[in-house]
Amino acid sequence: MKRKILLTSLVALVLLVGGLSAQDKNLSGTITVLTHHTDMVDNLFQDYIKAFNAKYPNVKVELEGITDYATTARTRMNTDDYGDVLMMIANPPIPADFAKFYEPLGQKATLEKTYKFLTPSSFNGVTYGISPNANVAGGILYNKQVFKDAGIKNPPKTIDEFYADLKAIKTKFPDVAPLYMNYPSKWTLNAWEGNILTVAGDPDYLNKLAHMDDPFSPGKPLYTLYKVMYDVVKNKLCENDPLTSDWELSKQMLADGKIGCMVLGSWAISQVRALAKDPENIGYMPFPYSIKGKIYAQVAPDYQEAINVHSKNKAAAKAWVDYMLDDSNFAVTTLSIPTKVGAKFPSVLDAFTNLGVIYIEAKDPPKAEEGLTDKIDKEAEIGLWNEPWKQRIVEAALGSSKETYDDIMKDLNAHWAKARASVGAK
Amino acid sequence: MTSVFHPSYRNEKRLIIVLFLIAPLVLLFTFSYLPIFNMFSYSFTKWDGLGEKTFIGLQNFADLFTREENYKVFKVSLYYFAGSFIQLGLALYFATILSFEVKGKSFFKGALFFPNLINGVAVGFIFLYFFRDTGTLNTLLRLMGLGSLAQLWLTNPDLINYSLTGVSIWRYMGFNMVLFLGAIQSISAEIFEASELDGAGRWQQFKYIIFPSIRPIVELNVILSVSGSLSVFETPYIMTGGSNGSMTFVIKTVELAFTYNKFGLASAMAIVLTIFILVLSGLQKLLFKERA
C-alpha cells in the first residue's frame, strides 16, 4: 500500500513538473500576423515562429508581409479582415475610434510599469498597442572616413558648423554628395521630422503646436529645422541631380564613402552597416543643435503590436503579441531600443552617450486633447510626417518654383491657423 | 411542347446569351459601376477612410474650384494634350507607311508596338535611368560630342513635363498605330490599285482614300487621347511622384485621398474629372458629326 502511494505521488510529481515547463497544448488555432517587416518575413520571423511553436505547438502562425503597410492596412480595416495580429496604425483611426478596431490590451496605468511609449496607442486610460522596439527618431548617419578625410575632427554642434563641415567635404571630394537628400523616395524627407524635438528641446512641444497659430514662423523649431533642408539644397551641398536619387543605391553609396551623410532615424544604422566593408565606419550623430549646451534626442516607438477586435482567435493572438514583446528579443537583434522599462540602450548609440545627449520622449497630451495636433495637421493638409510641403521646400531651393523659404512658411502658417479655427482648437 | 426543361430554339439562344453576359456584367457592376456610385456618394461627405462619414453637401465641389493647385495641374495636362496630337500624328504616319510594301514591315510593326506591352512601372524605371544626369541620354549626347545639350531632364522644372510627355508618347504611340493599321488594312486593295493606275501619289492616296475611310477610328483615337491626357497618372507618378511641377490632376486626387485621408474631397475631384471628360467627348462627337 505504501509503495503504491509513493509510486502514484512520484508519477503525479513528474507530471506536474513536466507540465509546468512544457508546452501549452490547450491553445490552438491559426492566426494571421500582418507585419511591415517584409525583409524579415523569410528569415528572422521564421525563427520566431519556431520558438513560439515550441511553447504553443498547436497554434499555426501565418505571416503576411505588407510593403505599403499603412495605406494597405487602412483599406483592409474597412472590413473585418485585417489579420489577427497587426501593426497598429493611427490617424486614421482617431484615438477615440481605437476600440472599434483594436482589442484592448489592458489598462495604461498597469502596463506602464512594464512597457514604455504607450501614449500614441492609448485612449482614455486603455492601451490598444505596444511596440517591441523604439528608435532614436532623428539623427545623422554618416561615413566616418569621409568626414575624417575632409578634416572634420568632431561632430558639429551647431548648424553653422554643420554647413562648414558639408562644404569641407564638397571641396575635398567634388564627386561625393555631402548630404544625400533622397528626394524622390519621399519618406526620406519625412525622416527629418524625427529631429523636431531635438530642435525644440521640449518634450511637450508637439502638444503645444495645437495651441499656436504660427508654428512655422522664424525662430520656431519647425522653421529652424527645415531651413537646413532648404539651405543644403540651395548651396548645392546635396547630390547633383536630386530628382533621380535612389534610396537602395544610396545605402550602398554611404557605405562606400560616396555620400557623406544622410538624415535618418537610428533604425537605419544596422541596414547601412550590413553593406559596409567596415561596419564601425558608419557612425550616427545627433542633429547639430544644442540648447544651452545640451543636445536632446527624441526616442519614439516603432509600429505597435495590436490585436484585431474582430479576431476569432484572440487568446492565440495575445500569446503571439506577448511572445514578440517579452521573449523574442526583437529590439536587441535589430539594434534598436528595447521598450521594456529599465532596458539598456544598444551600443550603436554609445556615441550619443559620450556626447552627453539627453533622451526625451514626447509627453502625453492632456486627456481632452488626445489626437488634437494630428487632427489640425491633417485638416491643414500639411502633414508633419508627410512629404508634399518638404518637396515644396526642396523645389524652391532648386529654383524649380519661384517661392522663397519664407513664402512657404507663411503659407503653412495660414493653413495651420485656418485648420485650428475649423476644428475649434483654442 | 416547350417547357422550362425543353426550351424552344429561340429561348435556348436567349438563355445562352444571358448566361454568357452575366459574368462580364457582374464584374462590370462590381468593379466599375458600384465603386463609381459609392464614390459619387462619398463626394458629398467629409470622410477620413475609417471614421464617421459627415454629410456636407456640395462643399467639396465649392472647395475644389477655389483651390489654386487645381489650376496648376490643368496646366500640366496641356503638355500631355499637345503631346497626344504629336502621338496621333506619328501613329497615323507610321500606320500609313507600314500598310504599303516596306522591307521589314513586320519587324517595324512589332518594334513600334512593343513599348505598349511593357508594364508601366518598368517603363518608369527605364526612363528614370535614361534621364539621369549620368544616364543613357546624356551619355549618348556626350559621346556624340553634343555634350553641351546634356540637361537635367527631370530636375529642370522647365523640361520635366516635356520629358514625361515624351515618355508617354513613346509608350502609347504603338497602340494608336495598331488601331490605325487595322482600319487601313480594311480598305479594299482594288481602290489602291485603281488610284495607282490613275497616277495618284502617296500623299493623294492618304488624303482622299485612307483618311476618309478611317474617320471613325481617328475620332475614337482623338477621344481616347484627349481623355487620356486629362487623366495622366502612371508615368509621372512612377517617375517623379508628381513632384517638381509634374503633378497631374489624378496624382493630386490620389494624394488627397491617401496622404491626407480626405476621401470626400478626392471623390469630388474624381467626379469632376469624369464629368469633364464626358462633356469633352460629347463635344467631339458633335464636331465630327457636323463635318460629315
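Observations
- The residue list B:Leu278, B:Gly264, B:Ile214 was ranked by how far each Cα lies along the charge dipole of the stretch B:60-291 toward its positive end, using unit charges on Cβ atoms, and B:Gly264 comes out on top.
- Cut-off under 5 Å, modelled amide H: who pairs with A:Asn133 long-range: A:Asp302
- About the Cα centre, charge dipole magnitude for the protein assembly as shown (Lys/Arg +1, Asp/Glu -1 at Cβ), debye: 760 debye
- Average beta carbon contacts from partner chains per residue of A:72-82, 10 Å cutoff: 1
- The charge dipole of chain A, taken about its Cα centre with unit charges on the Cβ atoms of Lys, Arg (+1), Asp and Glu (-1) only, comes to about 1260 debye.
- In terms of packing, defined here as the mean over residues of other Cβ atoms within 10 angstrom, the peptides A:144-152, A:100-108, A:132-140 line up highest first as A:132-140, A:100-108, A:144-152.
- Debye intensity ratio in log₁₀ form over the Cα atoms of chain A, taken at each q of 0.07 Å⁻¹: -0.39
- Degrees, to the nearest 10: A:247-256 long Cα axis against longest axis of chain A: 80 degrees
- Other-chain or far-sequence residues with amide H under 5 Å of A:Gly106's (modelled H): A:Thr127
- Backbone phi angles across the stretch A:200-211, fed through the Karplus curve with coefficients 6.51, -1.76 and 1.60 (θ = phi - 60°), yield HN-Hα couplings of 7, x, 9, x, 8, 4, 4, 6, 5, 4, 5, 10 Hz in residue order; Gly and Pro are listed as x.
- Centroid-to-centroid, using Cα positions, the stretch A:168-198 and the stretch A:267-329 are 21 Å apart.
- Taking every residue in A:237-247 and counting other chain Cβ atoms within 10 Å of its Cβ, the average works out to 5.
- What the phi angles of the stretch B:252-258 give under the Karplus curve with 6.51, -1.76 and 1.60, with θ = phi - 60°, is a coupling list of 4, 4, 4, 5, 4, 6, 9 Hz, glycine and proline written as x.
- Chain B: C-alpha gyration tensor shape, a/c 1.5 cut-off, then a/b vs b/c: oblate
- Considering only A:Asn124, B:Ala183, B:Val123, and ranking their Cα positions along the charge dipole of the protein assembly as shown that arises from unit charges at the beta-carbon of Lys, Arg, Asp and Glu, the one farthest toward the positive end is A:Asn124.
- Dipole moment magnitude, nearest 20 debye, the stretch A:254-349 about Cα centre, only Lys, Arg, Asp, Glu C-beta charged: 240 debye
- A protection proxy built from the mean count of other Cβ atoms within 10 Å ranks the segments A:286-292, B:68-74, most packed first, as A:286-292, B:68-74.
- Ordering of A:184-193, B:103-112 by burial proxy (mean other Cβ atoms within 10 Å per residue, highest first): A:184-193, B:103-112
- Scanning residues 5 or more positions from A:Ile360 or on other chains, those with amide H under 5 Å from its amide H are A:Ala297, A:Gln298, A:Val299, with H placed 1.01 Å from N in the peptide plane.
- Here the Karplus relation 6.51 cos²θ - 1.76 cosθ + 1.60, evaluated at θ = phi - 60°, turns the backbone of the stretch A:46-62 into coupling constants of 5, 5, 4, 4, 4, 5, 5, 5, 5, 8, 10, x, 9, 9, 9, 9, 10 Hz, with x for every Gly and Pro.
- Between the stretch B:67-83 and the stretch B:231-259, the Cα center-to-center distance that results, in Å: 12 Å
- Shielding score for B:257-264, defined as the mean number of other chain Cβ atoms within 10 Å: 4
Values in this text are rule-based calculations from the coordinates and carry no lab data. Everything quoted here is computed from the prediction, not taken from an experiment. Ideal geometry is used to build each Cβ from the backbone, glycine not excepted, and the neighbour counts take in all protein chains shown.
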